[in-house]
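**Student:** Sharing a structure below in structure tokens format, with a few things to ask.
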Amino acid sequence: MNDMNPIYVTCASCHAKNKLPEKKATVRAKCGKCGAPLDVSQSDADTPSPLILRCSECGGKNRVPIEKLDDHPKCGKCHAPIQTQDILTGQTLTVTDADFDANVLQSPLPVLLDAWSPWCGVCKMSVPLIDQLAKTWKGRVRVCRLDVSANPQVANRFQIMSTPTALIFDRGHLEETIVGAVPKTQLIEKMAPYVAS
């Protein structure tokens, strides 16, 4: 890591995000807001900052610093509010027929949707892989899971005939459909053009 790639550390006392160049990321680092000592071993290094978030209204890309996510950011082009909930959890988000459009089609990030069925053994075996990708792509991709048995409207809408099926959405459009269980490397390769950097 060099000074061109700073690390981000959240203060345990005041929860402020601190940007530290490598040379200052020491045990003596202090929060710029409250002065409390920072635990640099707990850096947010896996989360890019600023985040690249798309506006659900105009599709414009917006650079939003992590520390501004709670400030209700707006699109720089059309001034519409940018959806920021659940983008830094690093966890797979369960979606349903009722919230599919809001969480997938209007997502400010590209989406990897894991369509599965509770009776599918292969689907159950892929859960750790999907959850790992959610953690790896935190802040860059929204990883979602849809039970097609319980949510037939979305399954019919996107003609999901077998499980597991992975669907890649970007800017509210279905970009890729991957039917069947595939290796992690193939999912990463298919998702690469859409991963926000």
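The values are calculated or read from the model by the stated rules, or taken from the named source; none is laboratory data. From a predicted model like this one, the values you see are computed outputs, not experimental measurements. Neighbour counts are summed over all protein chains in view; Cβ atoms, including those assigned to glycine, are modelled from backbone coordinates with ideal geometry. Just the protein is used for accessible areas: all its heavy atoms, side chains included, with ligands, DNA and RNA removed. Shrake-Rupley method; radii C 1.70, N 1.55, O 1.52, S 1.80 Å.
**Student:** Kindly state which strands (runs of 3 or more DSSP E) lie completely within the range 1-117 and contain at least 3 residues that are open to solvent by 80 Å² or more (accessible area, probe 1.4 Å) and at pLDDT 95 or above.
**Tutor:** It comes to none.
**Student:** Which of the residues spanning the range 146-197 are within 17 Å of the chain's Cα centre (by Cα) and of a type in the set (Ser, Thr, Tyr)?
**Tutor:** Matches in the range 146-197: Tyr194, Ser197.
**Student:** Any chance the range 141-160 includes a residue that's open to solvent by 30 Å² or more (accessible area, probe 1.4 Å), closer than 25 Å to Thr84 by Cα, in contact with a Pro (Cβ under 6 Å, 6 or more places away or on another chain) and touching a residue at least 40 places away in the same chain (Cβ under 8 Å)?
**Tutor:** So far as the range 141-160 goes, no, none of its residues is open to solvent by 30 Å² or more (accessible area, probe 1.4 Å), closer than 25 Å to Thr84 by Cα, in contact with a Pro (Cβ under 6 Å, 6 or more places away or on another chain) and touching a residue at least 40 places away in the same chain (Cβ under 8 Å).
**Student:** Scanning for something under 28 Å from Glu57 (Cα atoms) and of a type in the set (A, V, I, L, M, F, W, C), does the range 120-130 turn up at least one residue?
**Tutor:** Checked against the condition, which is being under 28 Å from Glu57 (Cα atoms) and of a type in the set (A, V, I, L, M, F, W, C), the range 120-130 yields no hits at all.
**Student:** Now for a separate question. With Thr136, Thr185 as the choices, which residue is surrounded by 15 or more Cβ atoms within 10 Å (Cβ to Cβ) and over 22 Å from Ser56 (Cα atoms)?
**Tutor:** Thr136
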